[in-house]
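K.L.:
Sharing a structure below in C-alpha cells format, with a few things to ask.
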Amino acid sequence: HEYGSVIKKVEEAKKRRENEMLALPTSQPINGTGSVIASAGTPLAITDGTGKLVNQQSSSQKGKLLPLVPLGSNSKSEDNTTRSLLPSKAPMMMKPKWHAPWELYRVISGHTGWVRAVDVEPQNQWFASGGADRIIKIWDLASGQLKLSLTGHISSVRAVKVSPRHPFLFSGGEDKQVKCWDLEYNKVIRHYHGHLSAIQALAVHPSLDILVTCARDSTARVWDMRTKAQVHCFAGHTNTVADVVCQSVDPQVITASHDSTVRLWDLAAGRSMCTLTHHKKSVRALTIHPRLNMFASASPDNIKQWKLPKGEFMQNLSGHNSIINTLSTNDDGVVVSGADNGSLCFWDWRSGFCFQKVQTKPQPGSIESEAGIYASCFDKTGLRFITAEADKT
C-alpha cells in the first residue's frame, strides 16, 4: 500500500519503453527536436562537440543497443525521470559452496605464555608451537600429547615453520634470532644473523633452499639455508613487516606490513614488483590459496582477495571487524580468520560468504580479555584446524 504508486509508474515506464521500441520503423525517423532517433537495428551515433563520431561501444557492448537519447536536446530531465523509475539491477552474489560446520574438539594446554606460532609437519604426525614462554613445543597431532620441548630462544618465539623437504624446523623470535633446528638431533645447527629487531614471521620456499624472514626493522630478508648467508634484503616497507608468504611461481615472495601495504617481490632481482595500497589499516596476515593462483590479506577494515601474478583485486570479505592476526586456507576453499578478540570467522573462498562465526572461550586461569588468536594452521588433510591463543592454549 505504500509503494503501489511507485511500482505502477515503473511498469508504465517499462511498457512505454517497449511500445516506443516496437513503434520505431526501419528507416530512421526524426523526432520533434530535429534529431535522428536510431532504428531498432542500428546503435545510436554519438558525436562530440566538433561533429566527429565518438566510438562508445566497447567489445563487451557490441551488439547491445545503447539507450535512446534524442541528440541535441538539452533537457535531460525527461530522460532522467524515466531512468530513475526503472529498477536498477542488484549486484548478484555467487552461490556459496556448502562447507561442513567446524567444532572445537580439543584444548591443549602446556605453554606458560601466549602461544604465538603454530605449524604442522609434512607427514601430518605432529605439529610445533612457539610462545611467549620462549619454548618451542612439539605435540602429537592425533592425541595432543606433548612429545618434546625445545629451549634456546631468550625471548618470545614469534614464528615456527617446518620445512617440507628437509628434516629442519625454523624458528624466529623477539630476540632477533632465526634458528634452524635439526629434527634428527633436536639441536640448533644454524643461526641466521642480520635482523635489527624482533622477527615477526618466516616462510620456507617450497622448491628452493631459501628461507624468508620479516621483522620489526621494516625489512624482509632472504637467507640461503645451507650457507647462512643473506641473499637479499627486501627494503621498501616503512613499518613493521608483519607477515610473509612464499610460493614457487612469480611473484615468489609476498609481504604484508603495518604501513597498510602489501608488496610482491621478485626473488631473482631482489626488488619490489608491485605495491598494493588498498588497505586502510595495518595488514597483519596473508594466506595463499593451495590450488588457485590467488592470495588473501587481512586488515581490520577488510579481508581482501587478490589474483596473482599482477596482484589484481578480486573481492572483499567484509564483516570481521576486529584486528585480524591470522589467516589460513585449505584445499576445500575454506578461509579462516582469527582476531584479537577471540573471534573466528569461516569464509567460503569463491563467494566471500561467512558461513560460520565462533567465539573462543578463555581457559580457566586466564583473564577474560585474554581471548586473542595469534596464529593458526590447517593440518595436511585440511580437516583439522589448529589455533594458537592468548589463553596459553
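K.L.:
Per residue and in cubic angstrom, what volume does the convex hull of the Cα atoms of region 108-202 have?
P.N.:
Normalising the Cα hull of region 108-202 by residue number yields 84 Å³.
K.L.:
Quick check for me: using +1 on Lys/Arg Cβ and -1 on Asp/Glu Cβ, what's the dipole size of region 97-216 about its Cα centre, in debye to the nearest 20?
P.N.:
200
K.L.:
Where the accessible area of region 305-393 is counted over protein heavy atoms with a 1.4 Å probe, how much of it, in %, is carbon and sulfur?
P.N.:
51
K.L.:
May I ask for the net charge around GLU2, where only other residues with Cβ less than 15 Å from the Cβ of GLU2 are counted and Lys, Arg are +1 while Asp, Glu are -1?
P.N.:
Within the 15 Å Cβ shell, the charges total +2.
K.L.:
Another question about this same structure. At 25 °C and 0.890 mPa s, grab the translational diffusion coefficient of region 250-393 from Stokes-Einstein with a Kirkwood Rh over Cα pairs, rounded to a whole number in µm² per second.
P.N.:
Stokes-Einstein gives a translational diffusion coefficient of 157 µm²/s.
K.L.:
For every other residue with a beta carbon closer than 14 angstrom to the beta carbon of GLU174, add +1 if it is Lys or Arg and -1 if Asp or Glu, then tell me the sum.
P.N.:
That sum, taken over residues with Cβ under 14 Å, equals +3.
K.L.:
Compute the distribution of all C-alpha to C-alpha distances in region 143-197, in bins of 5 Å from 0, and list the percent of pairs in each, rounded to whole numbers.
P.N.:
P(r) over region 143-197, rounded to whole percents: 4, 19, 28, 25, 17, 5, 2, 1.
K.L.:
Sort out for me the Cα centre separation of region 168-218 from region 263-318, rounded to whole Å.
P.N.:
Centre-to-centre (Cα) distance: 23 Å.
K.L.:
Now for a separate question. For LYS97, list the aspartates and glutamates whose Cα falls under 17 Å from its own Cα; do not include residues on the same chain fewer than 8 positions away.
P.N.:
Here the aspartates and glutamates satisfying the reach criterion relative to LYS97 are ASP331, ASP332, ASP348.
K.L.:
If we count every other residue with Cβ under 10 angstrom of ARG226's Cβ, Lys/Arg +1 and Asp/Glu -1, where does the sum land?
P.N.:
Taking every Cβ under 10 Å from that of ARG226, the sum is 0.
K.L.:
First check a/c for region 163-286, with a ≥ b ≥ c the square roots of the eigenvalues of its C-alpha gyration tensor; if it is under 1.5, answer rounded, and if not, answer prolate when a/b is larger than b/c or oblate otherwise.
P.N.:
prolate
K.L.:
From the square roots a ≥ b ≥ c of the eigenvalues of the alpha-carbon gyration tensor of region 233-323, which class results: rounded (a/c under 1.5), prolate (a/b over b/c), or oblate?
P.N.:
Oblate shape, in that a/c is at least 1.5 and b/c is the bigger or equal ratio.
K.L.:
Binning every alpha carbon pair distance of region 167-232 at 5 Å from zero, what are the percents per bin?
P.N.:
4, 19, 32, 26, 14, 4, 1
The values are calculated or read from the model by the stated rules, or taken from the named source; none is laboratory data. Predicted model only: the values in this text are computed from it and were never measured. Backbone-built Cβ (ideal geometry, glycine too); neighbour counts: all protein chains shown. Please note that ligands, DNA and RNA were not included when accessible areas were found on the heavy atoms of the full protein model with its side chains. Shrake-Rupley method; radii C 1.70, N 1.55, O 1.52, S 1.80 Å.
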